[in-house]
Amino acid sequence: LGQWVLEEACRQAALWGRSCRTGRRPMVSVNLAARQLTQADLPAQVEAALRAAGLPAAALCLEVTEGALLAGGERATANLVACRALGVAVALDDFGTGYSSLSDLLRLPIQVLKVDRSLVQRLESDAGAAVVRAVCASARALGIAVTAEGIESAEQAARARALGCRRGQGFYFSEPVPAELWAPRLAGAAAPP
């Protein structure tokens, strides 16, 4: 199933890229399961999916959770390093829910850190804001982009941005949209209702 999702996401992203008139190629993210992350041929699977779809590697981001990385050990890290060598981005998803520490950011081949919604929901408290500010500052110093997950309001988006999260994800921006309704947005047409 994981391989099919990867192939389908690459195929759809390539279609969107060809129809996009905004001048910006869309990036697609694919969540990898712990089991998939430790498959010896994962880098070859990624490369084959990109080639079959005609998708540039820079248009794909592989998302992994802290738990999957921990469970996958050295094999998981080696696979991510190999995928990075292909030009694919890697995101650490749900940061703050597992056992990763800021020092882990030094050894992991990631370009994006996705702060879990449980931390984002605490942005109004001084302690919650301090944690997110520290995470953002550390990531920024390492050249890692930060995305705040679970943004549900303009206030949360503004607060996350003020604390250093340059990207956001959540229902405030959009609910999940079927591919056929997303394509007109990329083509520069009016957004669907």
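About its Cα centre, the dipole of the chain is roughly 700 debye, where the only charges are +1 on Lys and Arg Cβ and -1 on Asp and Glu Cβ. Amide H contacts of Arg166: Val146, each under 5 Å away and 5 or more positions distant or on a separate chain (H built 1.01 Å from N in the peptide plane; Pro and chain starts excluded). Computed over the Cα atoms of segment 2-186, the ratio of the radius of gyration to the Kirkwood radius (Rg/Rh) comes to 0.97.
Put in order of Cβ neighbour count within 10 Å, fewest first, the listed residues Arg11, Arg51 become Arg51, Arg11. Rounded to the nearest 500, the helix-only mean residue ellipticity at 222 nm of the chain stands at -15000 deg cm²/dmol, with each DSSP H run of n ≥ 4 adding -39,500 (n - 2.57).
Each residue in Ser118, Ser125 was given a count of other beta-carbon atoms within 10 angstrom of its own, and listing them fewest first yields Ser125, Ser118.
Membrane-span-like helices in the chain, defined here as complete DSSP H runs extending at least 15 Å along the helix axis by their C-alpha atoms with mean Kyte-Doolittle hydropathy no lower than -1.0, are 2-19, 42-53, 66-86, 126-141; this is a sequence and geometry rule, not a statement about a membrane. When +1 charges are put on Lys and Arg Cβ atoms and -1 charges on Asp and Glu Cβ atoms, the dipole computed for segment 1-77 relative to its Cα centre reaches about 440 debye. Candidates Leu37, Ala76, Leu106 compared by Cα position along the dipole of the chain: farthest toward the positive end lies Leu106, with charges placed on Cβ.
Quick note: the coordinates plus some simple rules give every number you see, no bench work behind them. Predicted model, so just to flag it, every value in this text is computed and none were measured. We place every Cβ from the backbone using ideal geometry, glycine too, and count neighbours over all the protein chains shown.
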